[in-house]
1. Could you check, for segment 43-50, whether at least one of its residues is part of a helix (DSSP H, G or I) and surrounded by 15 or more Cβ atoms within 10 Å (Cβ to Cβ)?
2. Between a first residue in segment 11-37 that is among the β-branched types (Val, Ile, Thr) and a second residue that is open to solvent by less than 60 Å² (accessible area, probe 1.4 Å), which pairs have beta carbons less than 8 Å apart while being 6 or more apart in sequence or on different chains?
3. Return yes or no: is Ser75 of a type in the set (Ser, Thr, Tyr) and either in contact (Cβ under 8 Å) with a residue 40 or more places away in the chain or assigned to a loop (DSSP other than H, G, I, E, B) (or both)?
4. Could you tell me how many of the residues in segment 91-123 are farther than 20 Å from Lys79 by Cα and touching a Ser or Thr at 6+ places or on another chain (Cβ under 7 Å)?
5. Can we say Leu109 is surrounded by 12 or more Cβ atoms within 10 Å (Cβ to Cβ), closer than 24 Å to Arg6 by Cα, within 14 Å of the ligand (Cβ to nearest atom) and more than 13 Å from the chain's Cα centre (by Cα)?
6. If Glu54 passes every condition in (1) away from the ligand (no atom under 16 Å from the Cβ); (2) touching a helix residue (DSSP H, G or I) at 6+ places or on another chain (Cβ under 8 Å); (3) part of a strand (DSSP E or B); (4) open to solvent by 70 Å² or more (accessible area, probe 1.4 Å) but one, which one does it miss?
Amino acid sequence: MDDLYREQIIDRYKHPLMKGTLEPNDYSYEDDNPLCGDRIRIDMRVDEKDIVTEAAFSGTGCAISQASADLLMESVVGKSLDEVKALTKEDILELLGIELGPVRLKCALLSLKVLKAGVYGLDELEEELARI
Ligand code: ZN
């Protein structure tokens, strides 16, 4: 693991920029990763053009899960909902900047799963999650 990125992840875990909740919100969802005990809730507000104006996450868990949520929430502000829906596993890995084994990958991707669950309708969700 690259030391620079490792430091960034630990720093984000200890000093998140996007931690909190939004009430009221336009999109909110919460889920967990039972393998590691990570839990993440994501809240977003969008404007009339469906551009994300505010985003926040809350939760508990390992450094990778929480840093990934923080980086992801920072990255979605200013994006359209369509752009948010188009985010992929590769985008998360690029934000984190490190290689991850399968167990840690689940930690890293929890925030993306929660985000997608929030913005997709339930009908679309199953299909979408299968692609992550
Ligand atoms: Zn974890």
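1. Quick first cut of segment 43-50, residues part of a helix (DSSP H, G or I) only: none.
Among the residues of segment 43-50, not one is part of a helix (DSSP H, G or I) and surrounded by 15 or more Cβ atoms within 10 Å (Cβ to Cβ), which makes the answer no.
2. Between residues of segment 11-37 that are among the β-branched types (Val, Ile, Thr) and residues that are open to solvent by less than 60 Å² (accessible area, probe 1.4 Å), the close pairs are Thr21/Arg41; Thr21/Asp43; Thr21/Ala56; Thr21/Ser58.
3. Numbers: of a type in the set (Ser, Thr, Tyr): yes; either in contact (Cβ under 8 Å) with a residue 40 or more places away in the chain or assigned to a loop (DSSP other than H, G, I, E, B) (or both): no.
Here the answer is no, as Ser75 does not meet what is asked.
4. Initial filter on segment 91-123 (farther than 20 Å from Lys79 by Cα): 97-108, 122-123.
Checking the rest, the ones that are also touching a Ser or Thr at 6+ places or on another chain (Cβ under 7 Å) come to 107-108.
Count: 2.
5. Working: surrounded by 12 or more Cβ atoms within 10 Å (Cβ to Cβ): yes; closer than 24 Å to Arg6 by Cα: yes; within 14 Å of the ligand (Cβ to nearest atom): yes; more than 13 Å from the chain's Cα centre (by Cα): no.
Spelling it out, it is not the case that Leu109 is surrounded by 12 or more Cβ atoms within 10 Å (Cβ to Cβ), closer than 24 Å to Arg6 by Cα, within 14 Å of the ligand (Cβ to nearest atom) and more than 13 Å from the chain's Cα centre (by Cα).
6. For Glu54, the exception is condition (2).
The values are calculated or read from the model by the stated rules, or taken from the named source; none is laboratory data. This is a predicted model, so every value here is computed, not measured. In this analysis, Cβ positions are derived from the backbone assuming ideal geometry, glycine residues included, and neighbour counts consider all displayed protein chains. Heavy atoms of the whole protein, side chains included, go into the accessibility calculation; ligands, DNA and RNA do not. Shrake-Rupley method; radii C 1.70, N 1.55, O 1.52, S 1.80 Å.
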